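The structure appears below as structure tokens.
Where a number appears in this text, it was derived from the coordinates with a stated rule and is not lab data. Predicted, not measured: the structure shown is a model, and the values here were computed from it. Using ideal geometry, Cβ is built from the backbone for each residue, glycine included, and neighbour counts are taken over all protein chains shown.
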Amino acid sequence: MVTRDRAPELVVAERLLALAERAGATQAEVVMLGTDAALTRFANSEIHQNVAERDLVASLRFVAGRRVGVASSGRLDDEGLRALAAGAAALAGVQPELEEPVVLAEPGPLPAVRGGWSAATAEASPELRAEVAAAVIGAAGEAGVLAFGSFSTDADTLAVANSRGVRAAETVTRARLVTICMGADGEAGYGEALAVDASTIDGAAVGREAAGRAVRSRRPVTLGPGTYPVVLEPYAVVDLLDMLGTLGFSALAVEEGRSFYEPGRRIASQIVSTWDDATDPAGTPTAFDAEGVGKQRVQLIDRGVCAGVVYDLATAARAGRRSTGHGLPAPNTFGPVPGNQFMAAGDATREELLAGIDLGVLVTRFNYTNPVHPKRAIVTGMTRDGTFLVERGEIVAPVHNLRFTQGYLDALAAVDAVGRERRLLAGELGTCVVPSVRVAAWDFTGATGR
Amino acid sequence: MDHVTERALQVAALRGTSYADVRTVRRLDERITVRTGTVAGASRREDEGFGVRVLVDGAWGFASSCRLTVAEAERVADLAVRIARASARAQRRPVRLDDRPVQRGRYETPVAVDPFSVPVETKVADLLAADAAMRASAPLAFTDSTYRAHREWKTFCDSVGSDIEQVITSTGAAIEANAVDGDEHQRRSHPDSDGGVRGGGYEVVRGHALQAHAPRIADEAVALLSAPQCPPGRRTIVLDPSQLYLQVHESCGHPAELDRVFGTEASYAGTSFLTTDRLAEGFRYGSPLIDIVADATAPGGLGTFGWDDEGVPAQSVPLVREGIFVGYLTSRETAPRIDRQSGGAMRADGWNRIPLIRMTNVNLRPRPGMSLEEIIADTDDGLYLVQNRSWSIDDRRLNFQFATEVGYEIRHGRLGSLVRNPTYTGITPEFWRSCDAVADERSYAMFGTPNCGKGEPSQSADVGHACSGARFRDVQVGVGRW
């Protein structure tokens, strides 16, 4: 739902802009972040936590010439807004002048997005969440394992108004079901569903997916460290895109010399293409960023070659470009991020992905990954909740979780097959639509054992 | 007791709850970032609200709101009860709480210099001076100098008469020098890589002496660009406190959280290898030199308070004693399941989150004997690893891998040349059992982790770790292909 001027959040924003102007701002920007969120959590096949939250926070970027101060508050009555404006003005007043002028967004057309909001999610009740949890628990019970997980239903509002005339407000919804099923010996399997519309999430199906993996994970064998071909399920592929989005595809990372990104540099195999597109209804659509700039589709990797990075207003101004609509709320020292990544589907079925492996590993997901060498995108982490040995194209046994220390760029360069099915999943930066991939060589550097 | 709290407790009682508590929280947060000589961000954030937690038919319900009105208190308390009743539909084990006595009182973090009374110009000037000192010393690609102050005013009242008020303050600053050459990017930071945040006021920032340390870390960042890669092998390592604190955090603090053991974090943070049978059997977690406590009373810690967020008084709980696993971080709900009383480790990230078991200050106690320098002098061949750069551990907290910003070769008891990109990996109890020296109190210092993530919806906690440095034998270093 995108509105230009009637959202109640924009009414508050207008008042705050007026207060900023009265306090001497030469420019000002108000960002309103609202959430109406609920989450039901279950463990050992029973609900153990059930929470709801409603919050609305106003943030004012107060610009006085080349001085900037940002203040935020949840106190939105007259006194609270006056204090907020005064606080931001006071902060700005004591700053040294910036070398560059502050650029706020100018009003412009926003992309027409659809499919970002659902009444079923916005109005989801605790009873509905309990029913979905019960469906997961039921599926786990039928397989003889226990269910652990959460089901969240969130409605998030972003409203942006600035002194140049930008007025935009949007509420989007997300429903996410996460499930791990575990058996008596610690065997575990994962399943997840993410959707704008909570009513499309099938708790029993997610439960069966996770329970099936858990059952197949019984009696794991130990696989020693080494370099193996792998098939990465979509849950694991999300981590690749997330990590590379943070480390490399941000204009700030490029500007500071800490990114691997160079225009035209080949970093992946020919069959790998990725992009960021918040307007695609196959993802989680949003129309504009936290600076009020319309979202643009940005090709990140085009058939294996670096094609672009995302910009916010500040990085775009320094690079002599236009923002791509990937700004975060001020003050943003993190830089712009791609929060709606897609990876192109291939043509391989799941069987064909596995068939290409003589001796290798099927990885469901990764755990606690972290860059060891950010510029080379070398990352360490563990496999989790469903790691299987593949021999001659067949899954032959579960294996104990493995540690890897792997260059993610090297992995993309070694992708030799991409799955034809894609999943919408949650990542650290936002959401991703990704297929499974096969990687010819993956460095496992340790095993846990039990 | 304010009107909102009073009304919420009344409504909860009228709806048939067996227990209810109400927390009101107001938070003030101030941050300044100087990036490569420019003030990249100066912000002040304030929020407030309340959360209502109820027990109905043995099931929890929680709801919260930022609107501090009596009408909203009624709506939120009502919603919390409705949520609890929905939870009861899929619950097999009714919640039972320990019998903590009624608590009343007030606690305030000791603060020598109120960080919110120090002029912003002074804070900006301090950061700019440190930032300039880094850039003047060496050719750096970019620098970061950060400041953060945080204060929470919070009240806790429950249906049995507890009434607690606390004011918690933390402050920190840190500097980071980044050098880049081709594919190589090296970073050095001071005083740690987590923002240098401690419990206390602006005296914390002054104590870090940022400007004085700036040239050293700038020079080291550049020197690391041409240092040799850390070679693979099995080595003796000496961990500086600036790395050891995170080793304690990941491989002792998290696995000792009893909610993880009982599976309630399985779907997000994971479980724990420290299962309850290991408590009963006296599991050997580490060598006899290892004493680890969760101490919510430790001065200067980010996990220091008067009461936790379910009204349990701050205390020091032994987790590992002379290498033997002896205790957990617990709550009023989990402690009775191992026949204990809560150790007071329930903490919530603000008014809109339910309390979870979190670390307080999980500290590795110093050992009388050798100083850290004497341990290095006592090491014939090894690596001295300083300042965390990267961390990873599996979902049971067994298989870990860390990277540090810098390593120094130790040859015949002396620190030698730098090595870059040092990493080490191991299995938690094997690693801690390989410890043959823990430094004495001369290098014992408090560190802070102001970003410890856990829970769904996600919560960030401020936790503390004090330690002095230690030596470990036969550890795999230099992991992976470089």
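Computed quantities for the displayed model
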read-out: Three-way shape call for the stretch A:2-213 based on the alpha-carbon gyration tensor, with the a/c threshold at 1.5; value: prolate
read-out: Cα gyration tensor category, rounded, prolate or oblate, for the stretch A:341-412 with a/c compared to 1.5; value: oblate
read-out: Number of partner chain Cβ atoms within 10 Å, mean per residue of B:76-86; value: 4
read-out: Cross-link reach list, aspartates and glutamates versus B:K123, counting only Cα pairs under 17 Å and skipping chain neighbours closer than eight places; value: A:E97, B:D29, B:E30, B:D114, B:D131, B:D144, B:E176, B:E203
read-out: Rounded to the nearest 20 debye, dipole of the protein assembly as shown from Cβ charges on Lys, Arg, Asp, Glu; value: 400 debye
read-out: Calculated on alpha-carbon atoms, Rg and Dmax of chain B in Å; value: 23.4, 73
read-out: Cα centroid of the stretch A:398-425 to Cα centroid of the stretch B:130-174, whole Å; value: 38 Å
read-out: Neighbour-count ranking [beta-carbon atoms within 10 angstrom, fewest first] of A:D443, A:D416; value: A:D416, A:D443
read-out: Karplus-derived HN-Hα couplings along the stretch B:96-101 (A = 6.51, B = -1.76, C = 1.60, θ = phi - 60°), whole Hz, x at Gly and Pro; value: 10, 9, 5, 9, 4, x
read-out: The stretch B:355-419 and the stretch A:271-321: distance between their alpha carbon centers, rounded to Å; value: 41 Å
read-out: Derived scalar couplings ³J(HN,Hα) [the stretch B:234-247; Karplus, 6.51 cos²θ - 1.76 cosθ + 1.60; whole Hz; x for Gly, Pro]; value: 9, 9, 7, 10, 10, 9, 5, x, 5, 10, 4, 4, 6, 4
read-out: Lysines with Cα under 26 Å of B:K454, excluding same-chain neighbours fewer than 8 positions away; value: B:K154
read-out: Alpha-carbon Debye profile of the stretch A:354-395, log10 I(q)/I(0) at 0.28 Å⁻¹; value: -0.84
read-out: Dipole magnitude of the stretch B:263-417, debye to nearest 20 (Cβ charges: Lys/Arg +1, Asp/Glu -1, about Cα centre); value: 240 debye
read-out: Shielding by partners, peptide B:226-237 (average Cβ within 10 angstrom, other chains); value: 0
read-out: Integer Hz, Karplus 6.51/-1.76/1.60 couplings in order for the stretch A:349-358, x for Gly and Pro; value: 6, 4, 5, 5, 4, 5, 4, x, 10, 7
read-out: Proxy reagent accessibility, fewest Cβ within 10 Å first, across B:H185, B:H465; value: B:H185, B:H465
read-out: Residues B:I357, B:I32 arranged by fewest to most Cβ contacts within 10 Å; value: B:I32, B:I357
read-out: The stretch B:202-276 versus the stretch B:43-69: alpha-carbon centroid distance in Å; value: 33 Å
read-out: The protein assembly as shown: calculated mean residue ellipticity at 222 nm from DSSP helix runs of at least 4, using -39500 (n - 2.57); value: -6500 deg cm²/dmol
read-out: Shape of the protein assembly as shown, Cα gyration tensor, a/c cut at 1.5; value: rounded
